Every structure is written in structure tokens, then in C-alpha cells.
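The values are calculated or read from the model by the stated rules, or taken from the named source; none is laboratory data. Model, not experiment: these values are computed from the prediction. With ideal geometry, Cβ positions are generated from the backbone for all residues, glycine too; neighbour counts draw on all protein chains shown.
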Amino acid sequence: MKLPCSLWYEDFWDGVIGLRGRLNLAASQFYIPYYFDIGAGSSEVTWEGVVVLGYGFKWVDIVLAYRHLYYDYDKNKGEKYG
């Protein structure tokens with residue numbers, strides 16, 4: 001039995017610029033790495049933010065992280081093939 005199938009390929013591109021870094025907290029082993037980017041193009045806007053609280057041991061780090069990704073894409077904006 002052959003199932004009906006439709007295959008769509010969409011080309012879309014976004015230019016993205018970002019910032020990342022790491023803050024060491026005083027003279028402790030705690031640190032806060034961070035990352036943020038924002039872009040646009042085929043999407044109306046896209047952005048991502050990540051913040052982490054980490055603790056470094058001699059041989060391993062333990063981290064607690066939060067990440068948020070937003071992508072506003074209008075599916076009628078890209079080129080469609082198929």
C-alpha cells in the first residue's frame with residue numbers, strides 16, 4: 001500500500017549577530033557564562049539567550065542553565081520547492 005506523500009523544501013536564511021562571555025564571581029569557583037544573539041532575514045526576527053550558573057571543580061564543572069529561543073517565521077516568505 002502506497003501512502004500519499006508531499007515533500008516540501010523551504011530555503012530561508014537569517015543573518016545573526018551575537019555576544020558571549022563569562023563572568024567569574026569573586027575569588028570563588030562559581031562563574032556565569034552567557035550567550036545572546038539576534039537576527040533577521042527570512043524570519044521576521046530570531047533571538048536566543050542563554051544564561052548559566054556554573055561551579056568548577058578540578059576535573060569537572062557542574063552547571064545549571066536556562067535557554068530561550070524565539071523564531072518568528074512567516075512560512076509564506078521563503079521559496080518553496082516540491
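The residues in segment 33-67 that are among the small types (G, A, S) and farther than 15 Å from G21 by Cα can be counted, and the count is 6. Listed by first and then second residue, the pairs linking a residue in segment 56-70 that is surrounded by fewer than 10 Cβ atoms within 10 Å (Cβ to Cβ) to a residue that is outside any strand (DSSP E or B), with Cβ atoms under 8 Å apart and 6 or more places separating them unless they lie on different chains, are F57/Q29. Scanning segment 4-14 turns up at least one residue that is surrounded by 13 or more Cβ atoms within 10 Å (Cβ to Cβ) and at pLDDT 85 or above. Every test in (1) out of contact with any Gly (no Cβ under 6 Å at 6 or more places or on another chain); (2) among the small types (G, A, S); (3) at pLDDT below 85 is passed by A40 save one, and that test is (3).
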